[in-house]
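What follows is calculated from the coordinates using simple rules that are stated; it is not laboratory data. Quick caveat, the model's predicted, so the values are computed rather than measured. Neighbour counts are summed over all protein chains in view; Cβ atoms, including those assigned to glycine, are modelled from backbone coordinates with ideal geometry.
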Amino acid sequence: MTINSYRDLKVWQAGIDLVGQVYRLTQVFPISSLNKQISSLRNALQRKVNPHV
């Protein structure tokens with residue numbers, strides 16, 4: 001397997017999968033009480049996985 005981009009790295013792909021899982025899990029949180037926490041968690045994950053966002 002040739003790596004042409006960081007997107008070819010398994011660790012990056014796993015990070016993207018983790019972001020997707022967190023998004024799916026946080027959709028069931030009660031928005032009225034956890035809106036800021038959900039946003040913070042999602043933003044932190046995105047910065048860790050893709051710091052260029």
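Please report the net charge: other residues with Cβ closer than 14 Å to the Cβ of Thr26, K and R +1, D and E -1. Working shown, then result.
Values: positive: Arg24, Lys36, Arg42; negative: none.
Surrounding charge for Thr26 is +3.
When Lys and Arg each count +1 and Asp and Glu each count -1, what net charge do the other residues less than 13 Å away from Ser40, Cβ to Cβ, add up to? List each step's numbers first, then the result.
Values: positive: Lys36, Arg42, Arg47, Lys48; negative: none.
For residues surrounding Ser40, the net value is +4.
Full-extension gain between Val22 and Asp8, please, as 0.36 nm times their residue separation minus the C-alpha to C-alpha distance.
Working: separation 14, 0.36 × 14 = 5.04 nm, distance 2.16 nm.
Here the answer is 2.9 nm.
Any chance you could give the angle, 0 to 90 degrees and rounded to 10, that helix 10-26 forms with the longest Cα principal axis of the chain?
It is inclined by approximately 10 degrees.
Return the label of the correct value of P(r) over Cα pairs in 10 Å bins from 0, in percent, as calculated from the structure shown, out of (1) 31, 57, 11; (2) 23, 44, 23, 8, 2; (3) 23, 37, 22, 13, 4, 0.
The value matching this structure is (2).
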